[in-house]
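Right, one structure below, let's go through it.
The values are calculated or read from the model by the stated rules, or taken from the named source; none is laboratory data. Keep in mind that what you see is a predicted model, and the values were worked out from it rather than measured. Cβ placement follows ideal geometry from the backbone for every residue including glycine, while neighbour counts extend to all protein chains displayed. Accessible surface is based on the protein model in full, side chains and every heavy atom, while ligands, DNA and RNA are left aside. Shrake-Rupley method; radii C 1.70, N 1.55, O 1.52, S 1.80 Å.
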Amino acid sequence: FTVVNFAPTRQRLENDVFTVGGIAQKYNCALRRLDWQQEQGFVSSLALGYNEVEIQRGMTTSSTAIFIPFMTRELRMAGQALYYGMNALSHNVIMADRKKLKSANGMYLGSTGSGKSFAAKRELLNVFLTIPQDRIIVVDPMGEYAPLVRRLGGQVIEIAPDSPHHLNPMDVELNMAAGESPLSMKADFLLSLCELVVGGKDGLQPIEKTVIDRCVRIIYQPYLNDPKPENIPILGDLYQCLLEQEEREARRIATALEIYVSGSLNVFNHRTNVDVNNRIVCYDIKGLGKQLKKLGMLIVQDQV
């Protein structure tokens with residue numbers, strides 16, 4: 001192949017040629033200067049497909065492979081693959097379906113203003129248009145995904161003290177996979193919720209956990225007998241059931257729950273009035289105050 005070298009001065013040109021010759025010698029390559037064929041060498045280097053220099057060599061597979069970056073890994077999947085950018089070494093496009101990879105998780109890293117949110121929204125839009133069977137769920141701490149979700153016909157759930165949207169933390173899904181008990185999973189979630197509400201470094205004591213588990217099974221019995229939406233209990237039903245128990249620990253938990261049932265933080269003491277089965281659901285938690293942030297995140301994660 002022909003290498004064309006330019007320089008502003010003859011001295012600089014000689015220095016550059018000497019440097020290039022040293023590099024070539026290091027890798028056992030023969031480099032010959034075209035001192036009396038400079039014009040022909042320049043024409044041969046142009047994209048004309050015409051060789052004026054009387055040097056020819058057949059490029060075998062092993063010779064050609066030298067010019068291909070061998071430390072790069074290409075990621076280009078067939079089928080319903082999404083665009084994820086350009087390979088920095090080979091400059092080929094990256095097309096992938098993350099669900100087919102060894103780990104389907106992904107993360108956007110970058111400094112402020114570098115386009116992390118834009119990249120996530122672009123992937124969201126690509127999934128919406130390319131893979132119709134996929135559901136899209138967004139937990140939005142800054143309220144920046146709601147306009148896009150609304151334009152795509154999705155459900156935006158604004159979780160805030162003054163919001164008309166409500167999520168019932170007591171919602172339960174009966175049609176679960178084999179081997180999973182929906183009531184046991186809900187009881188485990190409510191134990192975590194009460195532990196967060198009660199607080200303290202030791203959390204819930206064994207007697208308190210037993211009382212909560214007993215109350216959960218009592219309040220869900222009408223819904224299990226007749227699974228209608230109006231039979232799903234709310235947080236206030238758990239509060240009332242705890243008050244009816246004889247144990248002193250039950251009243252302690254009920255007192256801690258009171259602010260979230262009938263007090264100023266009763267955001268989650270309502271039945272769900274939004275479409276959580278929409279293909280695109282955005283949980284906007286920007287309006288949650290400091291007191292409700294942890295509780296709200298726990299409930300949203302359970303809903304997801």
Which one is modelled with the highest pLDDT, of the residues in region 18-37 that are exposed (fewer than 12 other Cβ atoms within 10 Å of the Cβ), within 21 Å of ILE66 (Cα to Cα) and more than 50 Å from the chain's Cα centre (by Cα)? ARG32
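Could you please let me know if GLU158 is touching a His at 6+ places or on another chain (Cβ under 6 Å), at pLDDT 85 or above and open to solvent by 40 Å² or more (accessible area, probe 1.4 Å)? Can you show your working first?
Numbers: touching a His at 6+ places or on another chain (Cβ under 6 Å): yes; at pLDDT 85 or above: yes; open to solvent by 40 Å² or more (accessible area, probe 1.4 Å): yes.
Against the criterion (touching a His at 6+ places or on another chain (Cβ under 6 Å), at pLDDT 85 or above and open to solvent by 40 Å² or more (accessible area, probe 1.4 Å)), GLU158 qualifies.
Can you work out which of the residues in region 258-273 that are of a type outside the set (Gly, Ala, Ser) and out of contact with any Leu (no Cβ under 7 Å at 6 or more places or on another chain) is surrounded by the fewest Cβ atoms within 10 Å (Cβ to Cβ)?
Our first condition is that a residue be of a type outside the set (Gly, Ala, Ser); within region 258-273, this holds for 258-261, 265-273.
Next cut, out of contact with any Leu (no Cβ under 7 Å at 6 or more places or on another chain) only: 258, 266, 270-271, 273.
Working: GLU258: 15, ASN266: 15, HIS270: 16, ARG271: 14, ASN273: 11.
The selected residue is ASN273.
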Can you work out which of the residues in region 89-133 that are touching a residue at least 12 places away in the same chain (Cβ under 8 Å), part of a loop (DSSP other than H, G, I, E, B) and over 15 Å from the mean Cα position of the chain (by Cα) is nearest to MET77 (Cα to Cα)? ASN92
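Out of LYS294, LYS209, report the one residue that is closer than 21 Å to ALA187 by Cβ and either crowded, with 17+ Cβ neighbours inside 10 Å or over 29 Å from the mean Cα position of the chain (by Cα) (or both). Step through it out loud before you land on a result.
Working: LYS294 fails: either crowded, with 17+ Cβ neighbours inside 10 Å or over 29 Å from the mean Cα position of the chain (by Cα) (or both).
Matching residue, one of LYS294, LYS209: LYS209.
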Output for region 86-116, where each listed residue is surrounded by 14 or more Cβ atoms within 10 Å (Cβ to Cβ) and either modelled with pLDDT of 90 or more or out of contact with any Ser or Thr (no Cβ under 7 Å at 6 or more places or on another chain) (or both): VAL93, ILE94, MET95, ALA96, ASP97, ARG98, LYS116
Can you spot a residue in region 118-141 that is open to solvent by 30 Å² or more (accessible area, probe 1.4 Å) and touching an Asp or Glu at 6+ places or on another chain (Cβ under 7 Å)? no
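Kindly establish whether TYR83 is outside any helix (DSSP H, G or I), open to solvent by 80 Å² or more (accessible area, probe 1.4 Å) and touching a residue at least 24 places away in the same chain (Cβ under 8 Å). Show your work before the answer.
Working: outside any helix (DSSP H, G or I): yes; open to solvent by 80 Å² or more (accessible area, probe 1.4 Å): yes; touching a residue at least 24 places away in the same chain (Cβ under 8 Å): yes.
The answer is yes for TYR83.
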If we ask which residues in region 22-41 are closer than 11 Å to THR2 by Cβ and touching a Leu at 6+ places or on another chain (Cβ under 9 Å), their number turns out to be 2
Return the residues of region 1-17 that are open to solvent by less than 70 Å² (accessible area, probe 1.4 Å) and either assigned to a helix (DSSP H, G or I) or without any contact (Cβ under 8 Å) to a residue 24 or more places away in the chain (or both); say none if nothing qualifies. ASN5, ALA7, LEU13, GLU14, ASP16, VAL17
In region 251-304, what residues are in a loop (DSSP other than H, G, I, E, B), within 24 Å of PRO182 (Cα to Cα) and among the hydrophobic types (A, V, I, L, M, F, W, C)? VAL274, VAL276, VAL304
